[in-house]
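The values are calculated or read from the model by the stated rules, or taken from the named source; none is laboratory data. All figures in this text were calculated on a predicted structure; none of them were measured in a lab. Here the Cβ positions follow ideal geometry from the backbone for every residue, glycine too, while neighbour counts run over all protein chains shown.
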Ligand SMILES: Cc1cc2nc3c(=O)[nH]c(=O)nc-3n(C[C@H](O)[C@H](O)[C@H](O)COP(=O)(O)OP(=O)(O)OC[C@H]3O[C@@H](n4cnc5c(N)ncnc54)[C@H](O)[C@@H]3O)c2cc1C
């Protein structure tokens, strides 16, 4: 009898596991979204109409043997998975790949693709009419969004506010200085070590001019704002024995072979893991390779592989031709190389190939 594997979540890690196990196990991929969303390109998809449709890839084209179930796990315990539809799955292996939420536009919280595209287009129209844009949060998302807005509309004033005293802590000074230099060149205003005294009066992404006081003194006026902080892992469904692996911040403890402690048949990967490393699609993909190898080893016999968290890495475009990249092996890479690695194509070809839509 063929081994059954339920992959919970069809993001970057989940699709890799499902695709690679498809040939020799019975895969069931559980995912509430209509289409895979290529969130790595979400900010380009906001400013550039040509990219909006390219964020979405049909799950129907992913697997040859396995099934994609458009549903959501509401509880997962040591014995199986209960779906929102009421269906109960009791596979041989469960792979938890439910990723994390992040405020729009970095992540798109619509399960229906037509509604998601309509939201992106409506927000782009609001943004197009705004002269002054305020971004709350100077992390990778806030900085990348500033670069995208400036590349699409150089005349717009973009201000980033963050209570931290510097951008991108944890990355080398040379990388941070290069990003700051390019932001200065683009005319992006960075207000660090301060925050809004009160939340903005408008909804994020909604054009409505407001002036807000800053805790560090002074004020900021904007026609539209976005929240660029506040990611949170999707793990509230963990139940029974599995709930003990869930930390207070929602992330999940895993062993070196990426199983939940004491759970020989339950794996977890990607953004939900409590491993000390960047939460990246690249890392979710690395985890997926280990999970695939280990499920194979458990079925066919053989040694289990382990995952060792890597050092900091980031490829941060500031528009299609700007930005910088850092990884320990290569050091700091310039704007032209960052454009080649990511900014000019947003890594879409990988997903066009995977979903057979090239
Ligand atoms: C703007 C932006 C740019 C980025 N750029 C890069 C980059 O250049 N390079 C890089 O490596 N990383 C990048 N990242 C990070 C990357 O997107 C995440 O690290 C990656 O998505 C994590 O993959 P994952 O498989 O863990 O989860 P996700 O990709 O978040 O997928 C999780 C999936 O699980 C589904 N799900 C959630 N709950 C349930 C449930 N209860 N039942 C069933 N399904 C569920 C969700 O609908 C989702 O489809 C970027 C992120 C953002 C927001």
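Before moving on, here are some points about what is shown:
- Evaluation of residue 17 against (1) within 10 Å of the ligand (Cβ to nearest atom); (2) not in a helix (DSSP H, G or I) (one fails), failing number: (2)
Okay, residues lined up against (1) free of Cβ contacts under 8 Å to residues at least 60 places away in the same chain; (2) surrounded by 15 or more Cβ atoms within 10 Å (Cβ to Cβ); (3) in contact with a helix residue (DSSP H, G or I) (Cβ under 8 Å, 6 or more places away or on another chain); (4) outside the structural domain of residue 226 (by TED's automatic domain parsing):
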| site | (1), (2), (3), (4) |
| --- | --- |
| 125 | yes, no, no, no |
| 150 | no, yes, yes, no |
| 156 | yes, yes, yes, no |
| 165 | yes, no, no, no |
| 173 | yes, no, no, no |
| 196 | no, yes, no, no |
| 203 | yes, no, no, no |
| 214 | yes, yes, no, no |
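- Between 81, 95, 74, the distinction of being touching a strand residue (DSSP E or B) at 6+ places or on another chain (Cβ under 9 Å) and surrounded by fewer than 16 Cβ atoms within 10 Å (Cβ to Cβ) belongs to 74 only.
- Residue match in region 267-277 (condition: part of a helix (DSSP H, G or I), on the phi > 0 side of the Ramachandran plot and within 16 Å of the ligand (Cβ to nearest atom)): yes
- Residue 10 part of a helix (DSSP H, G or I) and at negative phi: no
- All positions within region 126-139 that are under 12 Å from residue 162 (Cα atoms) and within 16 Å of the ligand (Cβ to nearest atom): 135, 136, 137, 138, 139
- Hey, residue 83 in contact (Cβ under 8 Å) with a residue 40 or more places away in the chain and within 12 Å of the ligand (Cβ to nearest atom) or not: yes
- When the strands (runs of 3 or more DSSP E) confined to region 306-358 are screened for residues that are within 14 Å of the ligand (Cβ to nearest atom), those reaching at least 2 such residues are found at 313-317, 323-327.
- For region 247-266, a residue qualifies if it is more than 13 Å from the ligand (Cβ to nearest atom) and within 23 Å of the chain's Cα centre (by Cα), and the qualifying residues are 247, 248, 249, 253, 255, 256, 257, 259, 260, 266.
- Residue 21 more than 17 Å from residue 346 (Cα to Cα) and either touching a helix residue (DSSP H, G or I) at 6+ places or on another chain (Cβ under 7 Å) or buried (at least 19 other Cβ atoms within 10 Å of the Cβ) (or both): yes
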